Amino acid sequence: MRYTIITSLLILAASALPIAGGATQTPASPTPDAAANAPAVAANQDISVAVLDGKITLRLPGDFVDQSRKDAAGQNSGVVVSLYVNKSRSQVVGISEVPTAAGDANDTSDDAFNKMAQGAFSGLKTQFNHVTKTGQTTPVAGGHKFLRIDSKQEMKGEAMMGTILVTPYSARVVTLQILTPESGASGHDLLVKHILDSIAFH
């Protein structure tokens, strides 16, 4: 099930960086026409998501539901994973926070991002079938540089759109992974833009 699989992917992009503390873990939608014609979600309908104890915030449309595991024992020491699901659109947004070793806390250089991209793409290929990278860019959101990787893949015979957003901040690597069935491709792009536009650093 995609809601479970995504949790194992969330920290793959950070796996190319040294991880503090010796951690070793690697990390039904509407039709395109319906998604394109759906009204934009008003800000007061959004849900606010806090990352890194509020150092980063972002917004998700109000029909996403927090499906994160609440038991601390279910997550690796020093690693925080959150999961939000929109069941009506079969969209999933996962967020992970992974500690990094000293010296890599805020490295957004091309070299660091290329290493993270290799780790993330290798991880996708171990979890999905027929993975194709469709884009790699470095957008700026909230005044901070992110690595963005777009992909197409199959999961249990279903074609999926995927986007990974990664950035190091405050001695941690934050990874967002967004998954949407390919039939809702336009809704996927809208969701990624909604998230990027809402990101703020505090």
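Look through region 134-143, keep the residues that are of a type outside the set (Gly, Ala, Ser) and not in a strand (DSSP E or B), and return whichever of them is surrounded by the most Cβ atoms within 10 Å (Cβ to Cβ).
PRO139
Kindly state which strands (runs of 3 or more DSSP E) lie completely within region 144-199 and contain at least 1 residues that are open to solvent by 30 Å² or more (accessible area, probe 1.4 Å), small (Gly, Ala, Ser) and closer than 22 Å to LYS125 by Cβ.
The qualifying strands (runs of 3 or more DSSP E) are 158-169.
With respect to the numbered conditions (1) closer than 18 Å to GLN177 by Cβ; (2) over 17 Å from the mean Cα position of the chain (by Cα); (3) not polar (S, T, N, Q), which one is the sole condition not fulfilled by ALA112?
(1)
The values are calculated or read from the model by the stated rules, or taken from the named source; none is laboratory data. Note that the structure is predicted; figures quoted are calculated from it, not measured. All Cβ positions, glycine included, derive from the backbone under ideal geometry; neighbour counts span all protein chains shown. Side chains included, ligands, DNA and RNA excluded: accessible areas come from the protein's heavy atoms. Shrake-Rupley method; radii C 1.70, N 1.55, O 1.52, S 1.80 Å.
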